[in-house]
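Here's the structure, in structure tokens; my notes come after.
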Amino acid sequence: MFVSTNYLASSLVQPVAQMQASLTQAVQEASTGQYADLGLQLGAQSGQEVSLRNQTGLLQGLTSSNAIVSVGLSTAQAALAAIQSSAQSALQSLAAGSNSADPGQEQSIGETSLQSLISAANTSSGGQYVFGGVNTAAAPMADYFASGGGAKTAIDQAFQTTFGFPPSDPAASTITASAMQNFLSGPFAAQFQGSTWTTNWSSASSTNTVAEISPGQFAQVSTNANGPAFQNLAQGYAMLTEFGAAPFSAAVQQTVASSATALISSANDQLTSTQATLGAVQQRVTDANSSMSSQLGIIQTEIGTLDNVDPAATAVKINQLTSQLQTAYELTSRLHSLSLAQFLPTS
């Protein structure tokens, strides 16, 4: 059997190619810290690795959505605080102005406070109205002062129907305190309840947004402008706006001021309750994030155990392959340089 030097040199091509591929893979693993072919490395454990990564994706997704929820809740809390501050200011102004001779003071308090309420009720976060319930796309509270507004028109009609003349008519001075109280607690109060409220005042949904804040844990993560706090504030402010400067008797003026004060005071307490409810949800979201963060740490450690290479062993492998390749290259070079002519006699 004859064996040429070319045959010997060529026989090293395949082993060299294999070592080059192994070296490339080892270098990649050293760079990424993970096995290049997880399926081959993990074998039967591949399903476990996929499951762990799915869990990671779920927890990361919920954590991201919770960040949006948290911003919305914080925005709602800030708006509620502003509404409450405005209510307290209105109460102080009403108390301070109880002996004032200015017939327009109560009307001014009502207008300013109602404008503030509408603005705060229409607060948005990330393009979504925080007091819209599940209807986050539409501004929750209509602008009472807009031309042709349905709420103001309905109140004017209710007063006209009850007394036969508008509040600005001089005949308003003939209205008794008891008649005014019956109107305020009857036809006027009805403007802020049920379908009349949702038709003329609010576009919000009474159903609040529910979100999954951790696997299998759901929470109501919003509130809406159909709550009694918003209705009572709107009623009290509108009462002052419409009747605060009317030519009523002193007794009727006192009835209006007292009724408005009672509504605003009640709403102030209801706002505190709403803030506490949202605060509890905020704490649940915080706790859920903390729990998911701990779970993510554990899962990522498990994934690392499956996926990550041993840096020291990989470095040794790279050194060994590099040395073997260098030896193979040197041997191949020497074999190619061999020639029969080197061994023939020269004479």
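At a probe radius of 1.4 angstrom, the accessible area of the stretch 194-276 per residue rounds to 36 square angstrom. For the stretch 226-273, taking Cα atoms only, Rg and Dmax work out to 11.5, 37 Å respectively. The length gained on full extension between Ser249 and Phe218, counted as 0.36 nm times the residue separation minus their Cα-Cα distance, comes to 5.7 nm. Taking the empirical scaling 2.2 N^0.38 Å for compact globular proteins as reference, the stretch 170-232 has a Cα radius of gyration ratio of 1.78. Taking each residue as 0.36 nm, the span from Asp269 to Ser293 lengthens on full extension beyond its C-alpha to C-alpha distance by 5.0 nm. Distance from the Cα centroid of the stretch 214-257 to that of the stretch 144-179 is 18 Å (rounded to whole angstrom). Extending 7 Å from the Cα toward the beta-carbon at both Ala280 and Asp143 defines two label points whose distance is 3.8 nm.
Quick check on the stretch 118-277: take the gyration tensor over C-alpha atoms, sort the square-rooted eigenvalues as a ≥ b ≥ c, and tell me if it's rounded (a/c under 1.5), prolate or oblate. It is prolate, given that a/c is not under 1.5 and a/b is the larger ratio. The orientation-averaged projected area of the convex hull spanned by the Cα atoms of the stretch 121-179 comes to 6.1 nm².
For the listed peptides 126-135, 182-191, a ranking on the average number of other beta carbons within 10 Å per residue, highest first, reads 126-135, 182-191. Here the label points at Ala96 and Gln157, each 7 Å from Cα along the C-beta direction, are separated by 3.9 nm in the simple model.
The values are calculated or read from the model by the stated rules, or taken from the named source; none is laboratory data. Predicted, not measured: the structure shown is a model, and the values here were computed from it. Cβ atoms come from the backbone with ideal geometry, glycine included; neighbour counts cover every protein chain shown. The protein model used for the area step is the full one, side chains on, heavy atoms only, and it has no ligands, DNA or RNA in it. Shrake-Rupley method; radii C 1.70, N 1.55, O 1.52, S 1.80 Å.
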